[in-house]
2 protein chains.
Amino acid sequence: MRYDHDEIIEKATTLFWQRGFQAAGMRDIQQALDMRPGSIYARFQSKEGLFKLVVEHYADNSAKRLKQVTEARSPLDALYHFFETALTGPDEQRYMRQCLLVKSIAELDLIGDIAKKAVLESMQTLKAGFRNIIETCIEKGELPEHTPTSTAAEWLQNQFVGLRAFALLQDDNQTTIKMIDKVIIDLKGQWPQQTH
Amino acid sequence: MRYDHDEIIEKATTLFWQRGFQAAGMRDIQQALDMRPGSIYARFQSKEGLFKLVVEHYADNSAKRLKQVTEARSPLDALYHFFETALTGPDEQRYMRQCLLVKSIAELDLIGDIAKKAVLESMQTLKAGFRNIIETCIEKGELPEHTPTSTAAEWLQNQFVGLRAFALLQDDNQTTIKMIDKVIIDLKGQWPQQTH
DNA sequence: GGTTTACTTGAACGATCGTTCACATGATAA
DNA sequence: TTATCATGTGAACGATCGTTCAAGTAAACC
């Protein structure tokens, strides 16, 4: 094996993150990985097979970061910095502001069933990660006891999705920061009643 | 002219909304519009030219709806129903839950400069629409005087973007409604301070 | 009726897409 | 050294992409 597996996935992640599944052509992939088509197909079966591994690698990485947030001394502060890091990177890494998973959801129909399943499952994994953060915050007294865990987790992921789509267009980091501040405020705030 | 212009744009909007710019092939377009390639190109120059008109038509329509919200007796109630309508349509119109503009942003690089410009300008138009809603709400006493108009407008658009990406995946409308409730609560809530 | 003009047609173009496969290469085992 | 086997190579395939253009059609004007 001439090619290191992790290195391949890493490079492929960068490409798919920048371009998306559809727009990243096999010839782009060949160039990015410095591999010939035969080698790629021998290992990954297809473009979709490679993409599936990339999605799983990306989701693992994201889940790990969310776990780190729960393990911090102040999870709420750590959450703030998690958002800040994800949304206000340098301009040459602007593509990273968009969540690879969210980007993939936009082209979910073109992706193929196997990778599609991986994307949706990854979204569930992240949701669980956000839920853990909420629970830890409540345990540590950083969020009110009455916070509805499940709703708040979904809401938090939702905020993340929205902010990532938004930050992609935003030139002014100060505006993005203000939005993150608002997320933290609202997280501590009131929640809708069950009854309707 | 055998073909009605508005009807063409309407049909094209449906197709692009369902599939996105890249995935909607010229042959799909030909079928959806019941037109031959020559006719399409004679009128719209290119696939991108057609898409540009679709985007503008979509943005006009959205702006009109936002305007209606400001003109309602209770803009805040109208805003709630605007969200509800956009996000909880029937399953066969699920594609409509995703905002065409947001969907387009995800593939902004593949679209071409002309249509790209149209997409970004449309986003600005919508932002202005949201801003008007905020201002009207303040005037009518439905929102506190101290609400930071510009920030709140950007925030509201952001919520809309996030919810549309989220509602696309959501099977349970009740969850979506809960998220809309939360938006209205937070809109009335506290805002981050300028100082940092 | 004949000519002009505006619009429509659809076969065909070159480019690019994801993918394949006969063959080359190089490490390991005998 | 020779045989074996996993791995890597790259020209080439059929399909599909957005687009073109010479020819056809039909209404308008003289």
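The values are calculated or read from the model by the stated rules, or taken from the named source; none is laboratory data. Everything quoted here is computed from the prediction, not taken from an experiment. Glycine also receives a Cβ, built like all others from the backbone with ideal geometry; neighbour counts cover every protein chain displayed. All accessible areas refer to the heavy atoms of the entire protein, side chains included, with ligands and DNA or RNA removed. Shrake-Rupley method; radii C 1.70, N 1.55, O 1.52, S 1.80 Å.
Taking into account only those residues within the stretch B:77-97 that are without any contact (Cβ under 8 Å) to a residue 40 or more places away in the chain and closer than 27 Å to B:Lys11 by Cβ, which is most open to solvent (accessible area, probe 1.4 Å)? Break it down into steps so the answer makes sense when it comes.
Taking the stretch B:77-97 first, the residues without any contact (Cβ under 8 Å) to a residue 40 or more places away in the chain are B:77-78, B:81-82, B:85, B:89-93.
Now drop any that are not closer than 27 Å to B:Lys11 by Cβ, which leaves B:82, B:85, B:89-93.
Numbers: B:Phe82: 34, B:Thr85: 102, B:Gly89: 18, B:Pro90: 63, B:Asp91: 102, B:Glu92: 140, B:Gln93: 78 Å².
Step by step, filter the stretch B:77-97, then rank; the result is B:Glu92.
Residues being out of contact with any helix residue (DSSP H, G or I) (no Cβ under 8 Å at 6 or more places or on another chain) and either open to solvent by less than 10 Å² (accessible area, probe 1.4 Å) or facing another protein chain (nearest Cβ under 9 Å) (or both): count how many of those fall in the stretch B:149-172.
As a first pass, look at the stretch B:149-172 and keep what is out of contact with any helix residue (DSSP H, G or I) (no Cβ under 8 Å at 6 or more places or on another chain): B:171-172.
Keeping just the survivors that are either open to solvent by less than 10 Å² (accessible area, probe 1.4 Å) or facing another protein chain (nearest Cβ under 9 Å) (or both) gives none.
The number of residues fulfilling the criteria is 0.
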Hey, among B:Ala128, B:Ala106, B:Ala72, which residue is open to solvent by 40 Å² or more (accessible area, probe 1.4 Å) and not charged (D, E, K, R)?
-> B:Ala128
Is one or more of the residues making up the stretch B:180-191 within 21 Å of A:Thr176 (Cβ to Cβ), buried (at least 18 other Cβ atoms within 10 Å of the Cβ), facing chain A (nearest Cβ under 7 Å) and in contact with a Leu (Cβ under 9 Å, 6 or more places away or on another chain)?
-> no
Could you identify the single residue in A:Arg19, A:Arg73, A:Arg27 that is within 13 Å of DNA strand C (Cβ to nearest atom) and either more than 20 Å from A:Ala86 (Cβ to Cβ) or more than 21 Å from the chain's Cα centre (by Cα) (or both)?
-> A:Arg27
From the list A:Leu66, A:Leu50, A:Leu79, A:Leu15, pick out the single residue that is aliphatic (A, V, I, L, M), in a helix (DSSP H, G or I) and within 14 Å of chain B (Cβ to nearest Cβ).
-> A:Leu15
Tally time: how many residues in the stretch A:28-69 are open to solvent by 40 Å² or more (accessible area, probe 1.4 Å) and away from DNA strand D (no atom under 16 Å from the Cβ)?
-> 9
Test: residue in the stretch B:3-16 that is within 16 Å of DNA strand D (Cβ to nearest atom), modelled with pLDDT under 95 and surrounded by fewer than 15 Cβ atoms within 10 Å (Cβ to Cβ) | yes
Does A:Ser74 meet the test of being in contact (Cβ under 8 Å) with a residue 40 or more places away in the chain and more than 24 Å from A:Phe166 (Cβ to Cβ)?
-> yes
